[in-house]
Amino acid sequence: MILQIPRVLTPDEAADFVRRLADAPWADGRITAGPQSGRVKANQQLPEDGALARFLGERLLKALSGHPRFVSAALPRRVYPPLFNRYGEGMAFGDHVDNAIRMGPQGGPPYRTDLSATLFLNDPESYDGGELCFGEGLDARAVKLPAGDLVLYPASTVHRVNPVTRGVRLAGVFWVESLVADATQRDLLFDLDAAIGEARRDLGDGHAVAVRLVGAYHNLVRLWART
Ligand code: NI
């Protein structure tokens, strides 16, 4: 499932990220690419161990941990510290699949990437191109979101960023190691969680249907989660 999650950051918070990134020490984005993706990646990226990347990354992780829709969809076990990137005119990232494993920062344990995420940071009207694209032909989807909105998708998905033809595109990207590695199981839990929300709202928390649905949800998590 390719999922849009609105307002992970408020417009004011996103604008603050953009201000802080204006004079950032950008480096060549290929520093974190694998051998295949390095050939098609042409963008700039904040060095991940720099003070600004860490500061903004921690703010973003805090926003994510308090966002019920993100938690319900991703069931995060660990979130890789966000990277921040910049696409100026002519920059793009061709078709690729994100690396399955990312080494932990400072030699920590490796992360398995179950989900990939892009947080759009600046006003989509301020640049042309820069869509995050999935698939081909009838299956093709192009995603370009308001500042502060997130797109979350299975890390197994082939994707690309279209060339920016005017202005600058700023985004945060990160990966989630989920408690539930299988995308089909995760999507089913997300649907069930949404149904539980509706049952609790319409019937009340104490209604027998709500109680049974909550029980089924937790029993499926017990079955499928790997901690
Ligand atoms: Ni990617």
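Rolling a 1.4 Å probe over the heavy atoms of the protein chains gives segment 3-178 an accessible area of 45 Å² per residue.
Rolling a 1.4 angstrom probe over the protein heavy atoms, how many square angstrom per residue are accessible across segment 183-224? Let's see the in-between values first.
On the way: 2730 Å² over 42 residues.
So segment 183-224 comes to 65 Å² accessible per residue, rounded to a whole number.
Full extension of the segment from PHE55 to ARG226, taken as 0.36 nm per residue of separation minus the current Cα-Cα distance, would add 58.6 nm. In this Cβ point-charge picture (+1 for Lys and Arg, -1 for Asp and Glu), the chain has a dipole of about 520 debye about its Cα centre.
Place a +1 charge on the Cβ of each Lys and Arg in segment 1-117 and a -1 charge on the Cβ of each Asp and Glu, then give the dipole magnitude about the Cα centre in debye, rounded to the nearest 20. Show your work: numbers first, answer last.
Details: 15 positive and 12 negative charges, 64 e Å.
Value, rounded to 20: 300 debye.
Projecting the Cα positions of HIS207, ASN99, GLY129 onto the charge dipole of the chain (unit charges on Cβ atoms of Lys, Arg, Asp and Glu, taken about the Cα centre) puts ASN99 furthest along the positive direction. Counting every pair of alpha carbons in segment 183-224, the share spaced more than 11 Å apart comes to 61 percent. Within the shell defined by Cβ-Cβ distances under 12 Å, the residues around ILE2 carry a net charge of -1, with Lys and Arg each +1 and Asp and Glu each -1.
Can you give me the relative contact order of segment 3-178 as a percent, contacts being Cα pairs under 8 Å and 6 or more apart?
Numbers: 383 pairs, mean separation 54.6, N = 176.
RCO, segment 3-178: 31 percent.
The value of relative contact order for segment 110-227, using C-alpha pairs under 8 Å at least six residues apart, is 30 percent.
ASN43: net charge of surrounding residues, Cβ under 10 Å, Lys/Arg +1, Asp/Glu -1, itself excluded? Mind showing how you got there, number by number?
Working: positive: ARG30, LYS41, ARG86, ARG169; negative: ASP28.
So the environment of ASN43 carries a net charge of +3.
Multiplying the residue separation of ASP139 and ASP187 by 0.36 nm and subtracting their alpha-carbon distance yields 15.4 nm.
Would you rank GLU198, GLU177, GLU136 by solvent-accessible area, highest first, keeping every protein chain in place and using a 1.4 Å probe? Write out the running numbers ahead of the final one.
Values: GLU198 95, GLU177 15, GLU136 120 Å².
The ordering from most to least exposed comes out as GLU136, GLU198, GLU177.
The value given for the chain is a Kirkwood hydrodynamic radius of 18.5 Å, derived from the mean inverse Cα-Cα separation.
The values are calculated or read from the model by the stated rules, or taken from the named source; none is laboratory data. Just so it is clear, the model here is predicted, and its values are computed rather than measured. Glycine gets a Cβ as well: all are built from the backbone with ideal geometry, and neighbour counts include every protein chain shown. To get the accessible areas, we keep the full protein, side chains included, count just its heavy atoms, and leave off ligands, DNA and RNA. Shrake-Rupley method; radii C 1.70, N 1.55, O 1.52, S 1.80 Å.
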